[in-house]
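So the structure is just underneath, and the comments pick up after that.
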Amino acid sequence: MALPWASSARRIDDEIVLAPDVPAVRIDSVSKVFGHAPHAVHALDAVSLTVQPGEFVCLLGASGCGKSTLLNLLVGLDQPSAGTLEVNGRVTLMFQESALFPWLTVFGNVDLALRLRGIPKGERKAEVERLLEVVHLRGFEKKRPHQLSGGMRQRVALARALAQDADVLLMDEPFGALDAMTRDFLHEELERLVQERHLTVVFVTHNVREAVRLGDRVVLLSSRPGRVTAEFPVDIPRPRRIETPEVGVLSTEISQRLRAEVRRHRTDDIHAD
Amino acid sequence: MLTEPAATELDAEISGLDSLDLAGAPRASFGRRLWSSAWPKLLAIAIFLAIWQLVFWSGWKPSYALPSPSSVFTRLNSEWSTIIDGAALTMRRALIGFGIAIAIGSVIGALVSRSRVLRSAIGSMITGLQTMPSVAWFPAAILLFKLSEGAILFVVVIGAAPAVANGLIGGVDHVPPLLVRAGHVLGARRFGLFRFIVAPAALPAYVSGLKQGWAFAWRSLMAGELLVAVPGALTLGQQLQVNESLNDATGIYAIMVVIFVIGVLVDTVIFGNLERFIQRRYGLAAAND
Ligand SMILES: Nc1ncnc2c1ncn2[C@@H]1O[C@H](COP(=O)(O)OP(=O)(O)OP(=O)(O)O)[C@@H](O)[C@H]1O
Ligand SMILES: [Mg+2]
């Protein structure tokens, strides 16, 4: 990616010559302000976070704390107000709503990702079929997005994201609107894919159990302005299941922390009034 | 649906869920669909003819002002070849004028929707043009092009092009931002973004603009053919004009029926089906309607 801040970040790497491997994602004191002075919204305030290659990081935080904003900055849809971001390798973002193109079939949606990557026509058909195989959607090539269920649409979106052959996969509450069974299935699929392809993942969710089920590390963001307030390494061996007691224990601990965060906000607001 | 024999329990469950999701009503056969879309229209025509006949029988107006339906259709039958020749000339003008309007409207629409300066400069002017009754253009058109084909085409184009341009501008304006962002994430930029994301997303609104443009073109053309007599061209409008000057009531109504039928056919058969096809493809309409 030709990001304007990438060069300065590389300079930092050169200084720390001994650093053994380059992080996949480095977010350094990033702030984001929307709008101007009287009506400015401080979506992010000096957020710093480093993600190692192959790491699966889950971002948790209350609604409006800037999680989507952070992912948008990472994928280059928006520019930070201050600080530097660095992503090493190709990056893609999977949206909360599948964001499939309604005028294209399932096949066409995945194919477009390959086409925009510059893959020649002759190679694309087999590759699309392979990717649809991965998300268990062979036989649905000719369907259009509106003919699919929410879970199937998210799987097409996942296939489309995989078609970009990205090293870093950013996911913005991708499974938020799905029923439990479909979600469990997609968790398994994602876990398998991440291991197979050595993907780095930043996964935003509201669901604490989902974060613990998937993440190597769970990062808590505070609200307005968004800041990193706590981090929890998840040492539960894989493959995991969302209903196991270990997942439950850690989820409870994180939930309590999250609630304390929200309570702190309420008292803040009361004082501010 | 499942290809691997060693599928896990969850895999089996998921494909079970998938097939549940997809179980929809089978589509009706072509003949049945044709009939279900045609009968309300046929009924409407029958009711219309019945009312006409009743009014005729009531003697509300003398038959030289309001002839009976049967006399009009007899007349249509006897002058069929003249009418068809006139209709062919008229349709040729309509297609040329509408074609030019599509080209000009699309280019202007594309430019205006891409540029903020152009949009604030001429965006509202286009809407203003659209509200201008086409008959009001004729004096100027005749000054510019004399009593010629050119004057008629000018008014047709100026009547239809703004609707086409507005359809495209409206479509581009209402492209869901999420889809543009998705396109950006997939690596589409500038022209690629327009070609792969913005243009297809704007297509339904563009087609609505075309449909509206056709209605304007057809109306302007009829006004033009009545007002501007080009020697030697016995178009539908001119036949109407001649019949009027001869006080020939059945002739007048016969031509009106033809004008109406052409307008309805193009609107429903061509644009109606095109719109429905696009809406179904884009998931904008219920799948089984
Ligand atoms: N384009 C924008 N213009 C103005 N304010 C914005 C914009 N985008 C986001 N914001 C504001 O920034 C804050 C963070 O928004 P963001 O969408 O990143 O939150 P989030 O953590 O993703 O929330 P959720 O969990 O509900 O998706 C919100 O207060 C929002 O109102
Ligand atoms: Mg969000």
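Taking the criterion of being within 12 Å of another protein chain (Cβ to nearest Cβ), open to solvent by 10 Å² or more (accessible area, probe 1.4 Å) and not in a loop (DSSP other than H, G, I, E, B), the residues of region A:116-144 that qualify are A:Leu116, A:Glu129, A:Arg130, A:Glu133, A:Val134.
Among the residues making up region A:54-67, those that are closer than 22 Å to B:Leu178 by Cβ and either away from ligand 1 (no atom under 12 Å from the Cβ) or surrounded by 21 or more Cβ atoms within 10 Å (Cβ to Cβ) (or both) are A:Leu59, A:Gly61, A:Cys65, A:Gly66, A:Lys67. For A:Asp165, the conditions (1) without any contact (Cβ under 8 Å) to a residue 40 or more places away in the chain; (2) open to solvent by 10 Å² or more (accessible area, probe 1.4 Å) are fulfilled apart from (1).
If only residues of region B:174-209 that are buried (at least 17 other Cβ atoms within 10 Å of the Cβ) and in contact with an Asp or Glu (Cβ under 9 Å, 6 or more places away or on another chain) are counted, the one that is farthest from the other protein chains (Cβ to nearest Cβ) is B:Ser208.
Among the conditions (1) part of a loop (DSSP other than H, G, I, E, B); (2) within 14 Å of chain B (Cβ to nearest Cβ); (3) on the phi < 0 side of the Ramachandran plot, the only one that A:Ser223 does not satisfy is (2).
B:Ile152 - would you say it is closer than 24 Å to B:Leu95 by Cβ, open to solvent by 60 Å² or more (accessible area, probe 1.4 Å) and at pLDDT 90 or above? For B:Ile152, the condition - closer than 24 Å to B:Leu95 by Cβ, open to solvent by 60 Å² or more (accessible area, probe 1.4 Å) and at pLDDT 90 or above - is not met. When A:Asn72 is tested against the conditions (1) within 16 Å of ligand 2 (Cβ to nearest atom); (2) part of a helix (DSSP H, G or I); (3) more than 9 Å from chain B (Cβ to nearest Cβ); (4) open to solvent by 10 Å² or more (accessible area, probe 1.4 Å), the lone failure is (3). Can you find even one residue in region A:88-106 that is within 16 Å of ligand 1 (Cβ to nearest atom), open to solvent by 50 Å² or more (accessible area, probe 1.4 Å) and outside any helix (DSSP H, G or I)? Taking every residue of region A:88-106 in turn, at least one turns out to be within 16 Å of ligand 1 (Cβ to nearest atom), open to solvent by 50 Å² or more (accessible area, probe 1.4 Å) and outside any helix (DSSP H, G or I).
Test A:Val204 against the criterion of being within 16 Å of ligand 1 (Cβ to nearest atom), part of a strand (DSSP E or B) and either closer than 22 Å to A:Gly89 by Cα or over 13 Å from the mean Cα position of the chain (by Cα) (or both), and give yes or no. When the stated conditions are applied, A:Val204 passes them. Against the test of being among the charged types (D, E, K, R), in contact with an Asp or Glu (Cβ under 9 Å, 6 or more places away or on another chain) and within 15 Å of A:Val75 (Cβ to Cβ), the options A:Arg124, A:Arg155, A:Arg138, A:Arg90 yield a single qualifying residue, A:Arg90.
Looking across B:Ile96, B:Ile158, one residue alone is out of contact with any His (no Cβ under 7 Å at 6 or more places or on another chain), at pLDDT 90 or above, among the aliphatic types (A, V, I, L, M) and surrounded by fewer than 20 Cβ atoms within 10 Å (Cβ to Cβ). It is B:Ile96. A Cβ distance below 7 Å, combined with a sequence gap of six or more or placement on separate chains, defines the contacts here; from region A:169-183, residues that are within 12 Å of ligand 2 (Cβ to nearest atom) reach residues that are in a helix (DSSP H, G or I) in the pairs A:Leu170/A:Leu71; A:Leu170/A:Leu74; A:Leu170/A:Val75; A:Asp172/A:Ser68; A:Asp172/A:Leu71; A:Pro174/A:Gln154.
Kindly check whether there is at least one residue in region A:184-200 that is more than 9 Å from every other protein chain (Cβ to nearest Cβ), surrounded by fewer than 23 Cβ atoms within 10 Å (Cβ to Cβ), polar (S, T, N, Q) and assigned to a helix (DSSP H, G or I). Scanning region A:184-200 turns up at least one residue that is more than 9 Å from every other protein chain (Cβ to nearest Cβ), surrounded by fewer than 23 Cβ atoms within 10 Å (Cβ to Cβ), polar (S, T, N, Q) and assigned to a helix (DSSP H, G or I).
The values are calculated or read from the model by the stated rules, or taken from the named source; none is laboratory data. What you are looking at is a predicted structure, and each value in this text was computed from that prediction instead of being measured. Using ideal geometry, Cβ is built from the backbone for each residue, glycine included, and neighbour counts are taken over all protein chains shown. The area values use the complete protein model at the heavy-atom level, side chains included, leaving out ligands, DNA and RNA. Shrake-Rupley method; radii C 1.70, N 1.55, O 1.52, S 1.80 Å.
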